[in-house]
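To keep things clear, I will list the structure first and then write my remarks on it.
The values are calculated or read from the model by the stated rules, or taken from the named source; none is laboratory data. From a predicted model like this one, the values you see are computed outputs, not experimental measurements. Methodologically, a virtual Cβ is constructed for each residue, glycine included, from the backbone with ideal geometry; neighbour enumeration extends over all protein chains shown.
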Amino acid sequence: MKVKKKPLSDCPRPGRPKSCVNEQTIASTKKDIDEDPHISVRELSDTNGLSYGTVHTIITEHLRIRKRYVPDGYPHLLTVDQKRERVRCATELLNMFEPNGPKRLSDIVTSDETRFPFFIIPPKRLNRMLVNGQEDRPVVLRPGFQS
């Protein structure tokens, strides 16, 4: 008994088409990046149901976006109110430690080469974000200077 087979080009194949890069997937990826520029390629691939390589191709070749490090920050970008508060605190400290003030310099605890962090410094890798080649890097204030 002979079975006649059709050529493979005529048979429908299951699964996704060979290329998933189309206007809809490009627009969806761009929308996700605009909403959260810190999103990773792996998160984008999970969200859109595409492979890691396909999402990377969309980002680099179609959207022409690359991942850049945002600088650690500029400490002197304080508002006028924040500057006034710093001056007020410094004046209050000076008044406490003047000769007739209630505190003495011996009341200050000092240590050599010891750090007591009052805030958590985020690692530099968290400052990575997807930015277009024409955009400026956004300014990120250092956490210790936001008070």
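In this structure, is Ser40 surrounded by 12 or more Cβ atoms within 10 Å (Cβ to Cβ) and either over 22 Å from the mean Cα position of the chain (by Cα) or at pLDDT below 90 (or both)?
So Ser40 fits the description; yes.
Mind checking which pairs have a first residue in the stretch 80-103 that is of a type in the set (Gly, Ala, Ser) and a second that is at pLDDT 80 or above and surrounded by 11 or more Cβ atoms within 10 Å (Cβ to Cβ), Cβ under 8 Å, 6 or more apart or different chains?
Gly101/Asn95
In the stretch 19-33, is there at least one residue being outside any helix (DSSP H, G or I) and modelled with pLDDT under 85?
yes
Which ones in the stretch 109-134 are modelled with pLDDT of 65 or more and not in a helix (DSSP H, G or I)? First the steps, then the outcome.
First, pick out the residues of the stretch 109-134 that are modelled with pLDDT of 65 or more: 122-134.
Within the stretch 109-134, Pro122, Pro123, Arg128, Met129, Leu130, Val131, Asn132, Gly133, Gln134 qualify.
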